[in-house]
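K.L.:
I'd like to ask you about the structure that follows.
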Amino acid sequence: MNNAILEIRAGTGGEEAAIFAGDLARMYQKYAARRGWGFDILDSNETSLHGYKSLVAEVHGEGVYKDLKNEAGVHRVQRTPETEKSGRVHTSTASVAVIPEVEAKDVQINPNDLQVTFSRAGGPGGQNVNKVETAVRILHKPTDIVVSCRSERFQHANREKAMEILRAKLFEIQREQAVGKVSEIRREQIGSAERAEKIRTYNFPEDRITDHRLGKKFHNIEKILDGDLDQIVKAFQKTN
């Protein structure tokens, strides 16, 4: 499987957590550009300071899932936020989920299990986006999974993209042979975004990124956040 659904959510830390989620989103977007991958934002909840409360993107290209799957988990940042007046270092988190895309034939979905609603997409995109109900939200009633897409200009295209996200999430559940609640399955991959549940720490005062699974440290945070993820990706490849 090459393509993947990338989901980023702000965790503990208020506005700073949303800013950090935005930093991660741009890091993956720039890394995708370096690799020649496509990066399409399907749905997002933006904040006023270039942050995201949540973002869902489709990343497509050769080796996407293989190289991004180790990004799944809770990322922690330690730095002085833009909004901090007294110069104190804050700790905030954002969670990342990476789910492989699957073909429609791999997951059977009963149409009667779906509750589909439409709304205006909002945001930039011209009159069609703002005046026509093109945004799609799908609730999968048996699991309470909710997916949405508003990136396309037409309702049917957004519906298909939303279904792709839903199929990926349901396939991941089947693959893990999970029997509990969806929230428990999700927690296994990305945790509850509490500060203690972390896979990686971005320490700005010391210009150091620590990956707690590899037990390795990387320097030059700004370069890595600018999309230079190769050294981290390659470090995981050496462990496989």
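The values are calculated or read from the model by the stated rules, or taken from the named source; none is laboratory data. Only a predicted model underlies this, so the values are computations on that prediction, with no experimental measurement involved. In this analysis, Cβ positions are derived from the backbone assuming ideal geometry, glycine residues included, and neighbour counts consider all displayed protein chains.
K.L.:
If you check every pair at least six apart or on different chains, which have Cβ atoms under 9 Å apart with a residue in segment 155-172 that is within 13 Å of Ala57 (Cα to Cα) first and a residue that is aromatic (Phe, Trp, Tyr) and modelled with pLDDT under 90 second?
P.N.:
Asn158/Phe118
K.L.:
Within segment 135-171, restricting attention to residues that are under 13 Å from Val116 (Cβ atoms) and polar (S, T, N, Q), which residue is surrounded by the fewest Cβ atoms within 10 Å (Cβ to Cβ)?
P.N.:
Among them, the one singled out is Gln155.
K.L.:
Considering Val89, Val102, which residue is within 22 Å of the chain's Cα centre (by Cα), of a type outside the set (Asp, Glu) and either at pLDDT 90 or above or crowded, with 17+ Cβ neighbours inside 10 Å (or both)?
P.N.:
Val102
K.L.:
Find the residue count for segment 34-76, including only residues that are touching a Leu at 6+ places or on another chain (Cβ under 9 Å) and closer than 17 Å to Gly11 by Cα.
P.N.:
Residues meeting the conditions: 8.
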